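Asks: Just dropping this structure here.
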């Protein structure tokens, strides 16, 4: 997939096999350890604390392995045995995604993490670019080394993607849209790089009927992080969750028709809303998959 300058959206010149240069902005973008670095200089400092905090939490939680087999088994098996419930949700969503995507598509995997989705889609014949802020070898883009499939690994932020207009068939927010500082801006940017007939996917972000439940979840998480790690989980002002009303409103504002698909994760999961209501707790998050396409003009 062609790469452009994320600041001016201009063409880049090849300086060397692993270097691209924007003459207009005097910016040099490098591929380091197999990962293209397209985070603008001023944004590196903006995200430094978030990246440090996030990596610390993930390492303390044990979301990594020294065995390549661990990564290759995802999302269908968690060989570490530590987060099997989480990966069961991801596996169910992935099966639904497989049925949704057109064959041999060019796909942007936004919030790719350790690249498990990019690996699976690449193996299925798609042309994939994995995009994330994290580049470490444990839980970030550097984990690409564990896979036999081929996909592009690229560090960038959602609001300034280094891809030309109308260059991707599918854009997938992979359990990541809720981390955006401005969800509408992130969706607008994804629509810029999406072809007119392309598909926009929002997968595995927490969704609530009542926004107050989402705000309570964020407050609970902040308290948990302070108690366990000594710092809150709000180093950047990400929105943190979605609501059904918000998604419908964003669809109207951006000219996108959503089809929401809620996979069946099992009866225990299905009765959670009723159980928490009986206990007087807040509404639990729901996940699933939103598949969006542009509204066709009359």
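Asks: Counting only C-alpha contacts under 8 Å and six or more residues apart, can you give the relative contact order of the chain as a whole percent?
Replies: Rounded, it is 16 percent for the chain.
Asks: Students often check this: by mean Cβ neighbours within 10 Å, which of 21-27, 116-122 ranks highest, and how do the rest follow?
Replies: Values: 21-27: 14.3, 116-122: 24.9.
Highest to lowest by the protection proxy: 116-122, 21-27.
Asks: Now a separate question. Please find, in a Gaussian network model of the chain (springs between Cα atoms separated by less than 10 Å), the residue of 72, 277, 248 whose mean-square fluctuation is greatest.
Replies: 277
Asks: Also, I was wondering about something else. Given a Förster radius of 25 Å and the C-beta distance between residue 296 and residue 124 as r, what FRET efficiency does 1/(1 + (r/R0)^6) yield to the nearest 0.05?
Replies: It comes out at approximately 0.35.
Asks: Roughly how compact is the chain, stated as its Cα Rg over 2.2 N^0.38 Å to two decimals?
Replies: 0.99
Asks: How much mean residue ellipticity at 222 nm does the chain get from its helices, if each DSSP H run of length 4 or more adds -39500 (n - 2.57) and you divide by all residues, to the nearest 500 deg cm²/dmol?
Replies: -10500 deg cm²/dmol
Asks: Using 7 Å Cα-to-Cβ label points, what is the residue 226/residue 82 separation (nm, one decimal)?
Replies: For residue 226 paired with residue 82, the spin-label model returns 2.6 nm.
Asks: Then there's this: Helix 211-229 versus the longest principal axis of the chain: what is the Cα-based angle in degrees, 0 to 90, to the nearest 10?
Replies: It works out to around 80 degrees.
Asks: Beta carbons within 10 angstrom, averaged per residue: use that to sort the peptides 254-265, 170-181, highest first.
Replies: Result, highest mean Cβ count within 10 Å first: 170-181, 254-265.
Asks: Let me ask you something else. If I fit a long axis through the Cα atoms of helix 183-193 and take the longest principal axis of the Cα atoms of the chain, what angle between them do I get, 0 to 90°, rounded to 10?
Replies: So the inclination is approximately 40 degrees.
Asks: Would you mind checking the tilt of helix 244-254 against the longest principal axis of the Cα atoms of the chain, expressed as 0 to 90 degrees and rounded to 10?
Replies: Orientation of helix 244-254: about 30 degrees from the principal axis.
Asks: Continuing with the same structure: Which distance in Å, rounded to a whole number, links the C-alpha centroids of the stretch 175-246 and the stretch 82-97?
Replies: Answer, in whole Å: 19.
Asks: A further question on this structure: When the chain is treated as a GNM, springs tying every alpha-carbon pair under 10 Å, which of 134, 218, 191 comes out with the largest mean-square fluctuation?
Replies: Result for the chain, Cα springs under 10 Å: 218 fluctuates most.
Since every read-out is calculated from the coordinates, none of them should be taken as a lab result. It should be emphasised that the depicted structure is a prediction, and the values quoted were computed from it without experimental measurement. With ideal geometry, Cβ positions are generated from the backbone for all residues, glycine too; neighbour counts draw on all protein chains shown.
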